[in-house]
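Take a look at the structure set out below.
Only the coordinates and a few stated rules stand behind these numbers; no lab work does. Just so we're clear, the structure is a prediction, and the values are computed from it rather than from any experiment. Cβ sites come from the backbone with ideal geometry, for glycine too, and all protein chains shown count toward neighbours.
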Amino acid sequence: MVGAGVLAVALAMTGCSAGGGGDNKPTVDSSKGAAETATLPTTAWVSADYASVKDGGTLTLAVDQLPDNWNTLQIDGNVKAGGEILDPTMGAPVRTTVDGGWAVDPNYATEVKLLSEDPQVVEVKLNPKAVWEDGTPITYKDYAATIKANNGTNKDYQIVGDNVFKDIDTVTKEDTDFNFKITFKNKNADWASILGSSTAGTATAAVLPAAVASDVKAFNEGYKSKPLPSTGPFKVGTVDTTGQVVTLVPNDKWWGQKPKLEKIIMKVISRDALAQAYANKELDAVIIGTNKDNYDTAKKRADGAIQQSGGLTWNHVTMNGSKGPLADVKVRQAVARAIDRDTISASRLAPIGAPVANQNSYIFMPGQKGYEDDATAVIGYDTAKSEALLKEAGYTKGSDGVMEKDGAKLELIYTLDANNPVSEQIFKQIQANLKVVGISLKNDTVPADKFFSDYVLKSNFQLTGFAWSGTAFPVAAAESIFYPADAGQNFTGITDVKLGEMWAAANAELDPAKRIELANEIDKTIFAYTPVIPLTPTPNTLGVKTGLVNYGAAQFESMDWTSIGFKS
């Protein structure tokens with residue numbers, strides 16, 4: 001589903017200064033960097049006509065982990081690695097285009113259109129040839145059950161978020177089981193998001209079988225150890241949990257254009273071993289992220305090339321504001337003010353030749369229409385302001401330089417995933433920054449494969465860092481990250497009650513310009529209580545084997561897995 005935020009482990013990097021800036025602090029013009037980011041191509045892969053791609057071949061890729069749950073609409077399944085694995089097995093009536101818009105995918109629908117705005121009614125005409133992996137037709141019943149499961153009315157469903165779904169009133173059959181109407185009780189401009197499957201290769205199921213979506217236990221637990229049935233050109237062939245390898249093979253029930261590849265191998269490789277695996281030709285492509293060593297290593301591969309496009313991923317520090325010192329907004333803003341985001345961004349982006357910018361919005365990405373800097377006025381780097389905020393919160397600096405209140409020192413714990421250079425480097429940077437203002441920061445390093453399931457998803461942390469992988473529908477998608485307090489993706493445990501009405505108004509606004517205005521008012525409201533400290537926008541930077549076509553770096557465009565392969 002292209003309208004939901006996806007959790008992503010922070011991309012690896014090295015070379016970040018452990019200091020807090022000082023005389024060697026690089027000069028960063030975030031507005032200039034944001035403008036330069038817009039000059040990156042939205043799709044950077046090598047395109048080739050289907051006929052020119054050779055038949056056969058194996059594509060070998062790396063992922064961070066195997067899914068904790070193979071149902072990507074269930075909260076434990078909302079991890080980027082799972083979407084990457086399952087993307088070739090999924091499809092939907094709507095696909096994302098190169099410019100961030102959307103188009104009907106004829107494999108799944110003959111028509112998707114907005115029939116009326118008041119009331120808002122959407123008509124969908126499914127392709128009758130579209131079937132589940134066992135050959136059962138995909139019908140309106142599957143969509144109706146999926147929408148009902150995700151609309152938030154039954155709290156037993158462990159959903160990622162009810163964005164858009166909650167605004168739907170009815171799903172009604174028309175003349176056949178393949179044609180139906182969706183009638184909204186509340187207008188939502190991002191309605192197309194629930195009818196899409198992926199943005200730039202990170203899939204979320206747009207539809208589940210009716211039998212699964214209608215059964216709470218099947219929805220929550222039915223796919224903990226097995227993949228969802230395929231609706232795409234590939235299906236999961238084998239899952240080797242010991243070797244941490246998933247093998248995808250062509251779906252024999254696929255009704256569309258025959259996929260060129262014979263096999264896709266997805267194997268778990270730790271972030272610190274990725275570049276060397278690519279250099280050793282064990283992988284056909286590698287996500288470089290912002291690791292200079294990885295970038296340099298990938299560039300040396302003679303039969304490869306570097307691709308870089310705009311991105312939708314942004315790293316951040318998420319704070320658990322439900323208890324402890326971070327329950328005080330002044331402490332949260334003091335932490336934010338103490339972090340030298342300029343140095344972090346410059347150290348991560350400059351070494352890979354990317355425009356240097358901070359992430360200064362919770363909703364839009366630099367280069368995306370609507371983006372503005374709502375962060376600097378509230379959390380701009382200012383150690384004097386940070387200390388002043390701590391004093392307003394009742395803290396005084398002790399003889400050891402650590403702030404304390406009522407006899408308790410201001411000591412915080414940062415939870416990070418093991419064997420991830422970016423997590424380690426960002427932690428060291430923040431630790432040094434916070435020490436300057438009198439905050440002690442200690443690390444809690446946890447197993448990478450348990451980081452999301454046991455810590456992030458359970459809000460079992462004080463501070464932590466990862467990345468959000470955004471979407472082409474950012475307004476509706478961001479809601480469940482910040483509102484309500486108990487939303488599936490709100491790991492901060494806090495919110496501002498005003499956001500409910502504000503998001504309802506923004507979602508219902510069909511005028512694009514007015515909607516952007518409303519979205520930025522939401523952005524300012526979130527910064528006012530500062531649950532999350534946005535750090536760096538990350539472009540998509542990949543090393544790709546020469547000859548691999550129709551796969552690679554892209555900001556929005558959905559991949560066509562039937563045409564991905566190798567040039568003959």
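With N set to the number of residues, divide the alpha-carbon radius of gyration of segment 312-539 by 2.2 N^0.38 Å and report two decimals. Let's see the in-between values first.
Details: Rg = 17.2 Å, N = 228, 2.2 N^0.38 = 17.3 Å.
For segment 312-539, the normalised Cα radius of gyration is 0.99.
Neighbour counting of Cβ atoms within 10 Å sorts the residues Ser193, Ser322, fewest neighbours leading, into Ser322, Ser193. Exceedance of the 20 Å cut-off in Cα-Cα distance is limited, within the set Lys409/Lys524; Lys330/Lys397; Lys166/Lys498; Lys155/Lys217; Lys32/Lys300, to Lys409/Lys524; Lys32/Lys300.
Quick check for me: using +1 on Lys/Arg Cβ and -1 on Asp/Glu Cβ, what's the dipole size of segment 312-539 about its Cα centre, in debye to the nearest 20? Each step should come with its number before you reach the end.
On the way: 21 positive and 27 negative charges, 84 e Å.
Computed about the Cα centre, the dipole is about 400 debye.
Looking at segment 295-331, the trypsin sites (Lys or Arg not before Pro) that sit in a DSSP loop and have at most 13 other Cβ atoms within 10 Å of their own Cβ are Lys300, Lys323. Per the Debye formula on identical point scatterers at the alpha carbon atoms of segment 376-420, with no solvent, log10 I(q)/I(0) at q = 0.20, 0.31, 0.33 Å⁻¹ is -0.77, -1.10, -1.17. In the chain, the ratio of gyration radius to Kirkwood radius, Rg to Rh, stands at 0.96 when only Cα atoms are counted.
Counting alpha carbon pairs within less than 8 Å and at least 6 residues apart, what relative contact order, in whole percent, applies to segment 304-455? The value is 21 percent. Local charge for Ala109 was computed over the other residues whose Cβ lies under 12 Å away, with Lys and Arg +1 and Asp and Glu -1, and equals +1. What number, in percent, do you get for the relative contact order of segment 54-268 if the mean sequence gap of Cα pairs under 8 Å and at least 6 apart is divided by its residue count? Relative contact order of segment 54-268: 31 percent.
The mean sequence distance of close C-alpha pairs (under 8 Å, at least 6 residues apart), as a share of the length of the chain, puts its relative contact order at 27 percent. The spacing between segment 367-419 and segment 32-66, judged by their C-alpha centroids, is 38 Å. Exposed loop sites were defined as GluC sites (Glu not before Pro) in DSSP loop states (anything but H, G, I, E or B) carrying at most 13 other C-beta atoms within 10 Å; in the chain the longest segment without such a site runs 263-568. Amide hydrogen proximity for Leu126: with H placed 1.01 Å from N in the peptide plane, the residues at 5 or more positions away or on another chain lying under 5 Å are Thr110, Asn179, Phe180. Summed over qualifying helices (DSSP H, 4 residues or more, each -39500 (n - 2.57)) and divided by its residue number, the chain shows a 222 nm mean residue ellipticity of -7000 deg cm²/dmol.
About the Cα centre of the chain, what is the dipole size in debye to 20, counting +1 per Lys and Arg Cβ and -1 per Asp and Glu Cβ, all else neutral? Please report the intermediate quantities before stating the final value.
Values: 54 positive and 67 negative charges, 164 e Å.
Taking the Cα centre of the chain as origin, the dipole is about 780 debye.
Computed from backbone phi with θ = phi - 60° and the Karplus coefficients 6.51, -1.76 and 1.60, the 3J(HN,Hα) list for segment 365-377 is 9, x, x, 8, 4, x, 5, 8, 8, 9, 8, 4, 5 Hz; x is used for glycine and proline.
Close amide H pairs (under 5 Å, H built 1.01 Å from N) link Gly311 with Asn540, residues at least 5 positions away or on another chain. Of the residues Val544, Ala554, Phe527, the one whose Cα sits farthest towards the positive end of the charge dipole of segment 490-557 is Val544 (charges of +1 on Lys and Arg Cβ, -1 on Asp and Glu Cβ, taken about the Cα centre).
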